[in-house]
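A quick write-up on the structure given underneath.
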Amino acid sequence: MKKFETKYGYFTENGNEYVIKTYRTPKPWINVITNGNYGLVISQTGGGFSWLEHSEFNRLNRWHQDLVKDDWGKYFYFKNKKTSEVFSPTWAPVKNSPELFECRYGFGYAQFIAEYKEVNIKLTVFVPIGEELEIWNFEVINKSNEQIELGVYSFFEWCLGSSADHHREFHKTFIETEFDNSLNAMLATKRLWEIPLGNRGHWNIEYPYLGFISSDRTITDYDGDKESFIGQYGSVEKPVGVFSESLSKKIGKWNDSIGTVKVDLSIPANQKDVFSFFIGIKKDKKQINKSLKKFKNQDHIKKALSDVKVFWQDMFSTLEINTPDEAMNLMVNKWLRYQAIAGRLWARTAYYQQSGAYGFRDQLQDSLVFLPINPELTEKQIRLHARHQFQDGTVLHWWHPLTETGLPTKMTDDLLWLPFLILNYIDETANYKILDIKEPYYNNKNKIDTLFNHSVNAIERVLKRMSKRGLPLIGAGDWNDGLSAVGLDMKGESIWLAEFFYLILNRFAEVCEKTKKTKLAKRYKQKAEEVKKAFNKYAWDGRWFYRATKDNGDKIGSSKNREGKIYLNSQTWSVISGITDKSKSSKAMDAVTKHLLKKNGCLLLSPAYTKPDQLIGYLSRYAPGRRENGGVYTHAATWAIWAYALLKENNLAFQAYKNLCPVYNGLNPDEYVAEPFVTPGNIDGPDSPNYGMAGWTWYTGSANWFQKIIVDWILGIRATADGLIIDPCIPDDWNNFSITRLFRNTKYNIRVFNQAAKNPRFHYMIMDGKRINENLIKPLKRLEVTVDVFLA
Ligand code: GLC
């Protein structure tokens, strides 16, 4: 059965694929396919790019960001030699209308089915596990009653190294191609890698890889030169090379280098032919040869694809929900986890944003996604980020792997996500030993310190950055990057950071107690109280909490402001942090419901800024209603669900979830425009003429948070150091749901029954035939358990 079908596509019955029915989606809809080392991004028209290890520093092919034309990719042309008709299985670049078109996105692969003039092509693109290459596997059926002769041509422009390769005339002079007959491959390398590494000065380092394109069919012709293949003033739609008798065979150092190779097919009437192209980046010819040999055999290709599918299903298997909300099931069981891992943690790139870097706070938060899968992966991420902290507790706001270069920051929250993640890791594992793990500092590799001390350094640094009133300073921004100028003189204060910091201080104090660091525990409890006191004295604006003060003392997020009167984060985190009494935080959330909860989720602020404000920063420079300036910033909008759930506002929590959910928003595709199977970074708010339009899909911290908050706070099954809490906060009209979750090596099968009418809460549960009135399951020493939970 097709699920959530629109004129553009649908989810398959088991949710393992999203099927795009037409190449004319409102915006490029992409898949991010990676094994964690090698990867590619591909759109439904065949646009996109590939990389090894770093999606910005080591790109295989040129790609330029153009969400309208989407005309950069690794392309294939199929030419019927008799009729000279040409078409592309991905629609682009040739763009003649296929009689059949379908693009299916699965976990770790994309599949295109296209038929043109009785030639039916099924193309599967994927990246095998542990390989630095992608396979383009073609199954071609000749549906006609005559034998056909086809020429198949590849085309892409070699980038090899840093992107975007906009200064091509400079870069092309370093690229060198060759054709290797014994490998049956075109190879390409670059004699300069434009990244700051090496010790012999600027722009003087070797690119240590070979890009390649090969096939399991004999390559009969090739062209390494854009000019001869496309033709001067020519176009990728109709490259002269494809229409010539033969290709130029130009390779070497003097071209504008491309990767065009040709194979010939001869398919008898009503027969099928199966073959592959291999594209990748490897260290040397030997390694290329090894992989090419391996995949010569179609059985190995099939096996490699099925391994990819199994790999992802294993990732999904440790947490599975079955609720009356089909969209929730689809997102939580598969797509959000895939997005968070493939898109955010591994690729760190997509169509709206290319990065390759690690954001200190970003990928730490993303790595929460690993907790129910394998907490060791979260631990690995924590350690990686700890190594990017300075000895004084501050951190790099982001850094590039490979070069290890990054941006020291005056943003004042980044560093606190380190203890935040450690606290979450302890909730999942109760493994306090993580605190003893040692990592060096970014600016002193000889100083190897425990993660406990790394956390203490972070906390102590924030304690040194408090205002006279006892509130934390905002510096160059807190969680909200766009508040980039509010506190540059280190005078402005952050109300949200006060809340976040309060939570960290309190919870870290508990950890100190637990690990017998009594003095510190006392200190942090006391500091938490001080922050709380200052907060409750100064943060209230009358009907909600304002957001920050500028260096000059003016408030933002106050009812007295003309624009940006109310911000979301200071309301939601007033609940999440527990910094204030419930009467205030409830009022604050009432204001959220009234002013910010809209049809696509909660706005980050309202009303939007229409004029740039130098003392706020670039947030106020975005178009009104877009992104952080009065749009739904989905990352923060997920926290509203959490806050409503904490206030036991079951139905509002559900509404905040449902309004945000891409599957539902995607049912209105011409307004929403984005992929319905991943979260977008933002959705335009009512102050934009494009109210309801989403953008910045895939590359957003909302994927992990959306999943976590649905599971932890709507379904209410969450890990704490003491055990698994059962605290559902489901809507009135759900009768039951079930969830299986791995927790400390025990598989919990939890079935929840709702016998109540309104705002159901936990009543009791039955485990091993015994009734338990407490909503905590202490860790069990067994492989599997079934628990029935009753709500009332
Ligand atoms: C971007 C940043 C993230 C920040 C968010 C809100 O997504 O990567 O770190 O929290 O914007 O400004």
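The values are calculated or read from the model by the stated rules, or taken from the named source; none is laboratory data. All figures in this text were calculated on a predicted structure; none of them were measured in a lab. A quick note on method: Cβ atoms are made from the backbone with ideal geometry, for glycine too, and the neighbour counts reach across all protein chains shown. Side chains are part of the model used for accessible areas, which takes the heavy atoms of the whole protein and leaves out ligands, DNA and RNA. Shrake-Rupley method; radii C 1.70, N 1.55, O 1.52, S 1.80 Å.
Listing for the model above:
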{"item": "Entirely in segment 606-675, the helices (runs of 4 or more DSSP H) that have 1 or more residues that are of a type in the set (A, V, I, L, M), open to solvent by less than 30 Å² (accessible area, probe 1.4 Å) and away from the ligand (no atom under 16 Å from the Cβ)", "result": "634-646, 650-660, 662-665"}
{"item": "Qualifying residue in segment 438-456 (condition: part of a loop (DSSP other than H, G, I, E, B) and either modelled with pLDDT under 95 or closer than 13 Å to Thr412 by Cβ (or both))", "result": "no"}
{"item": "Pairs where the first residue, in segment 87-112, is of a type in the set (Lys, Arg) and the second is in a strand (DSSP E or B) and open to solvent by 10 Å² or more (accessible area, probe 1.4 Å), C-beta under 6 Å, 6+ apart", "result": "Arg104/Gln111"}
{"item": "Filter result (more than 23 Å from Glu326 (Cα to Cα), in contact with a strand residue (DSSP E or B) (Cβ under 7 Å, 6 or more places away or on another chain) and not in a strand (DSSP E or B)) within segment 714-760", "result": "Asp722"}
{"item": "Selected residue (criterion: nearest to Lys272 (Cα to Cα)) from residues of segment 112-128 that are surrounded by fewer than 20 Cβ atoms within 10 Å (Cβ to Cβ) and of a type outside the set (Lys, Arg)", "result": "Asn120"}
{"item": "Criterion violated by His397 - all others in (1) part of a strand (DSSP E or B); (2) free of Cβ contacts under 8 Å to residues at least 24 places away in the same chain satisfied", "result": "(2)"}
{"item": "Conditions (1) open to solvent by less than 10 Å² (accessible area, probe 1.4 Å); (2) farther than 18 Å from Thr638 by Cβ: number failed by Asp722", "result": "(1)"}
{"item": "Scan of segment 370-386 for residues that are within 16 Å of the ligand (Cβ to nearest atom) and crowded, with 24+ Cβ neighbours inside 10 Å, ordered by number", "result": "His385"}
{"item": "Tally of residues being surrounded by fewer than 20 Cβ atoms within 10 Å (Cβ to Cβ) and in a helix (DSSP H, G or I) across segment 280-290", "result": "5"}
{"item": "Filter result (farther than 17 Å from Arg562 by Cβ and not hydroxyl-bearing (Ser, Thr, Tyr)) within segment 604-633", "result": "Leu604, Gly617, Ala623, Arg626, Arg627, Glu628, Gly631, Val632"}
{"item": "Residue in segment 71-82 that is on the phi < 0 side of the Ramachandran plot, in contact with a His (Cβ under 8 Å, 6 or more places away or on another chain) and part of a loop (DSSP other than H, G, I, E, B) present", "result": "yes"}
{"item": "Answer from Pro472, Pro419 - the residue that is at pLDDT 95 or above and closer than 29 Å to Ala719 by Cα", "result": "Pro419"}
{"item": "Candidate set from segment 184-203 (those that are of a type outside the set (A, V, I, L, M, F, W, C) and open to solvent by less than 50 Å² (accessible area, probe 1.4 Å)); member that is farthest from Thr405 (Cα to Cα)", "result": "Asn184"}
{"item": "Gly406 being of a type in the set (Gly, Ala, Ser), open to solvent by less than 20 Å² (accessible area, probe 1.4 Å) and within 16 Å of the ligand (Cβ to nearest atom)", "result": "no"}
{"item": "Test for Glu206: is it surrounded by fewer than 23 Cβ atoms within 10 Å (Cβ to Cβ) and assigned to a strand (DSSP E or B)", "result": "no"}
{"item": "Criterion violated by Thr580 - all others in (1) within 14 Å of Ala643 (Cα to Cα); (2) assigned to a helix (DSSP H, G or I) satisfied", "result": "(2)"}
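Residues checked against (1) assigned to a helix (DSSP H, G or I); (2) modelled with pLDDT of 95 or more; (3) within 16 Å of the ligand (Cβ to nearest atom):
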residue: Leu435; (1), (2), (3): yes, yes, no
residue: Gly482; (1), (2), (3): no, yes, yes
residue: Lys491; (1), (2), (3): no, yes, no
residue: Asn506; (1), (2), (3): yes, yes, no
residue: Glu510; (1), (2), (3): yes, yes, no
